Amino acid sequence: RRSGQYTMNHDHSKKTPDGASFDRSGSQDSLDELSMDDYWKELENIHETRGNNHEERVALVVKEPDEGELEEEWLKEAGLSDLFVESSGDSLESMVFLSTLTRTQKAAVEKRVETVTQTMRKKNKQHQIPDVRDIFRVQNDSKGKVCDGSEPSTVRTSENKSETQDGTKGPNFSLGTDEQKSPPEDMPFSDTDINLEIPFAEQAANLKDSSIGKMCKGGGGDTLLPNFRLPKDKTGTTKIGDLAPQDMKKVYSLALIELTALYDILGTEFKQQKAVKIKTKDSGLFGVPLSVLLEQDQKKVPGTKIPLIFQKLIAQIEEATLETEGLLRIPGVATRVKSLCQELEAKFYEGTFNWENVKQHDAASLLKLFIRELPQPLLTVEYLKAFQDVQNLPTKKQQLQALNLLVLLLPEANRDTLKVLLEFLQRVIDHRDKNKMTLKNVAMVMAPNLFTFHGFGSKAIEQSEFVMAAGTANVMRFMIQYQKLLWTIPKFIVNQVRKQNTERQKKEKKDKAMKKLLKKMAYDREKHEKQEKTPNDADVPQGVIRVQAPHLSKVSMAIQLTEELKAGDVVARFLSQKSGNVQTLKKEEVFLYEIGGNIGERCLDDDTYMKDLYQLNPNAEWVIKSKQS
């Protein structure tokens, strides 16, 4: 199928199919033609395999949405669809949510509400259509402050001493409780520090407003990626997987709004694609949706989060040694890969497949085949284009921020599988001295497998493949290089979740108009809390927290807070209390959790300073337990 177009010809890296020259200067790292060879070779291998294998594959149709449809879908995804449902009992939820948004986030929501409103008026739907200004008037009247403590629309000037390369004022994100606190003067953010305290879109807006922005542009043509790092956060770094599901839902909505706001500020269009449902296989290994695979795998291995075949293929590649030259780049023999594929389909779950027959390069080809054959791309139909478009953002820092938010938007199964893949690719790169597979080589070889998705079958994608090549390879490099940063939930989002929880609790207590149900809920909860707190409050003096550890020999301890006390110290203190009747747990197996107050549940990293966190969430309970599998 069209494989003639992908013959190995060095001109590919210079020309697009229609003959227009392809200028690869600009903000991307320049990738020399030679290094692009790996990309085209990989693409050629893919087309070859596809030609042998799947003539009758159904292309996944990407639906062209009607006017206003995308925006309506966006509001639904952001958890704000109740703004359009007449007399919805749950609009309290939306009002609380809107009250915690930043200036740029509000602007993004307003823009979409405006479009949907106009469309609805045109279609004359029988809806009670809110006026955008009414939706936001409630919040704007309150204090004129957005939740990061900054004034809504004043431009900060560069005269401010603590202003940094981000055009931001250093870490001044507060929860509105102590807005007078000024940021410490000695905490400047350098160019390679990723500031997770100030919303990314706010940083971009301030950067636009300040002259500093001009200095940060572009990649300067170097092929080295900056050594981005996360400055230490005293209240602990929150990773994906540390929060309870109800708070993760809020994280998802906030990440979607924040990403949209960031793209709005930077003048890049952010559009979610919508796939038309197609018939997919409901059993097997290759070409099966991730969710279906995991469902059948969990019957065999309860709690597994990564498809078993995916884990096994990676283990098979690693077993042989990661020092093999050209690993991932050199393809397996196509006919052998095809027959292994069929044999695996028949014997994998029966446990009768003989893995000794599988050569390392074949296993690598099968791993890539597995990714390509997913009925929907690993990066999802909705966001694949957004991942590709990251390459168009002006600065590397903004590209990284966008990727961070996109990872938060992936469904759990896709995100977990991607994480295992990226960690494996990093291990391959760690052996680059022997296997000659550098970050750039691995990115080149893997990009076509993640980004050129068979289902899109449209000419637009194929023609732009050439222009996309260097860009997607760069996005791939970013994902491998900065994977630890990408799996972090930015502090400003966690703070917004805390604020939503606090506001919601306040509103529920205060809003008598919210009828019997809310009254009853609040009443039950207060009663429940009183029952729980009475014994504790009596015996815990100021500056001391009561830590529960139901599964350890010492089930409860009062701990004095000091400036230096960290979560890891608290866990260590419990574990040092040995007792004969309780199984010995290793340090890596148990964590201190912050539960309730303004968060559902959060697993704390060992370096969390307890006194700082206690000040942020004084009503939390503190429990030591093992991480949920």
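Collect residues whose amide H, placed 1.01 Å from N in the peptide plane, falls under 5 Å from the amide H of THR238; neighbours closer than 5 in sequence don't count. Correct list: ILE489. With the simple spin-label model, which puts each label point 7 Å out from Cα in the Cβ direction, the LYS509 to LYS338 separation comes to 7.0 nm.
The magnitude of the dipole of the range 275-403, with charges of +1 and -1 set on the Cβ of Lys/Arg and Asp/Glu and taken from the Cα centre, is near 440 debye. Assuming charge only on the beta carbon of Lys and Arg (+1) and of Asp and Glu (-1), the dipole of the range 542-628 about its Cα centre is about 420 debye to the nearest 20. Computed from backbone phi, the HN-Hα couplings of the range 301-317 come to 10, x, x, 5, 10, 10, x, 4, 5, 5, 4, 5, 5, 5, 4, 5, 5 Hz, rounded to whole numbers (Karplus: 6.51 cos²θ - 1.76 cosθ + 1.60, θ = phi - 60°; Gly and Pro given as x). By the Kirkwood approach, averaging reciprocal distances over each pair of separate Cα atoms, the range 269-357 gets a hydrodynamic radius of 15.5 Å. What is the mean projected area of the alpha carbon convex hull for the range 542-628, to one decimal in square nanometres? Seen from a random direction, the Cα hull of the range 542-628 projects 5.3 nm² on average. Protection proxy ranking for 250-258, 388-396, using the average of other Cβ atoms within 10 Å per residue and placing the highest first: 250-258, 388-396.
A short reminder: the numbers here are calculations on the coordinates, not readings from a lab. Every value quoted in this text rests on a predicted model; they were computed, and no experiment measured them. Cβ sites come from the backbone with ideal geometry, for glycine too, and all protein chains shown count toward neighbours.
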